[in-house]
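Note sheet for the following structure.
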Amino acid sequence: VQLQASGGGSVRAGGSLKLSCAASGIIWSSFSGSRVAWYRQARGKQRELVAELTSSGTSNYKDSVEGRFTISKSNAKKTVYLQMNNLEPEDTAVYYCNVVTESRDLWGQGTQVTVSS
């Protein structure tokens with residue numbers, strides 16, 4: 001089972017990026033019933049939760065990204081997304097996807113997002 005994250009990059013403040021996290025080796029029913037999330041870790045800081053989408057479909061966001069970031073998933077593609085708009089330099093970090101099924105807690109390898117002012 002593997003999570004492959006992509007979509008990171010370097011943008012100017014105010015720009016947008018869309019992160020993707022594709023799951024492989026996991027059956028559809030497990031993915032569709034999973035809780036998915038994006039975390040980030042800035043240099044010298046602890047990893048923090050950015051956004052989550054619960055198995056019941058409720059989304060929750062870190063206060064500082066509320067209204068700018070949107071988490072979603074495609075069960076058909078077994079992929080988790082994070083649309084990030086109006087990016088700020090404070091959003092600079094390595095972003096990690098997380099998928100929690102009934103029996104597994106999976107992490108992607110991380111993708112770097114750098115926002116310049």
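Answer yes or no as to whether SER32 is farther than 21 Å from GLY110 by Cβ and touching a Lys or Arg at 6+ places or on another chain (Cβ under 6 Å). Even if it seems obvious, please write down each step before you answer.
Details: farther than 21 Å from GLY110 by Cβ: yes; touching a Lys or Arg at 6+ places or on another chain (Cβ under 6 Å): no.
Answer is no for this residue.
Might you let me know whether the range 76-84 holds any residue that is over 14 Å from VAL115 (Cα atoms), open to solvent by less than 70 Å² (accessible area, probe 1.4 Å), modelled with pLDDT of 95 or more and not in a strand (DSSP E or B)? Lay out the reasoning, then the answer.
Kept after step one, since they are over 14 Å from VAL115 (Cα atoms), are these residues of the range 76-84: 76-83.
Restricting the remaining residues to those that are open to solvent by less than 70 Å² (accessible area, probe 1.4 Å) gives 78-83.
Add one more test, that the residue is modelled with pLDDT of 95 or more, and what stays is 78-83.
Filter once more, so that each one left must be not in a strand (DSSP E or B): 78.
Yes, because at least one residue in the range 76-84 is over 14 Å from VAL115 (Cα atoms), open to solvent by less than 70 Å² (accessible area, probe 1.4 Å), modelled with pLDDT of 95 or more and not in a strand (DSSP E or B).
Of all residues in the range 17-35, at least one satisfies being of a type outside the set (A, V, I, L, M), at pLDDT 95 or above and under 19 Å from SER116 (Cα atoms). In the range 15-36, how many are within 16 Å of ARG68 (Cα to Cα) and open to solvent by less than 50 Å² (accessible area, probe 1.4 Å)? Count: 3. In the set (1) touching a Gly at 6+ places or on another chain (Cβ under 6 Å); (2) part of a strand (DSSP E or B); (3) free of Cβ contacts under 8 Å to residues at least 60 places away in the same chain; (4) not basic (Lys, Arg), the condition left unmet by CYS21 is number (3). The set of residues in the range 89-113 being out of contact with any Ser or Thr (no Cβ under 9 Å at 6 or more places or on another chain) and over 24 Å from SER10 (Cβ atoms) consists of ASP105 alone. Of all residues in the range 95-117, those being assigned to a strand (DSSP E or B) and within 21 Å of ALA42 (Cα to Cα) number 13. From the set of residues in the range 90-110 that are of a type in the set (Val, Ile, Thr) and surrounded by fewer than 21 Cβ atoms within 10 Å (Cβ to Cβ), which is nearest to SER30 (Cα to Cα)? Per the stated criteria, the residue is THR101. Whenever a residue of the range 47-69 is touching a residue at least 40 places away in the same chain (Cβ under 8 Å), its partners that are in a loop (DSSP other than H, G, I, E, B) and surrounded by 15 or more Cβ atoms within 10 Å (Cβ to Cβ), lying with C-beta atoms within less than 7 angstrom and at least six residues away or across chains, give the pairs VAL50/LYS62. Among the criteria (1) closer than 25 Å to VAL11 by Cα; (2) without any contact (Cβ under 8 Å) to a residue 60 or more places away in the chain; (3) more than 14 Å from the chain's Cα centre (by Cα), the one SER116 does not fulfil is (2).
Among the residues of the range 26-64, those identified as basic (Lys, Arg) and part of a loop (DSSP other than H, G, I, E, B) are ARG43, LYS45, ARG47, LYS62.
The values are calculated or read from the model by the stated rules, or taken from the named source; none is laboratory data. Note that the structure is predicted; figures quoted are calculated from it, not measured. Note: ideal-geometry Cβ built from the backbone for every residue, glycine included; neighbour counts use all protein chains shown. Remember, those area values only see protein heavy atoms, side chains included, never the ligands or the DNA or RNA. Shrake-Rupley method; radii C 1.70, N 1.55, O 1.52, S 1.80 Å.
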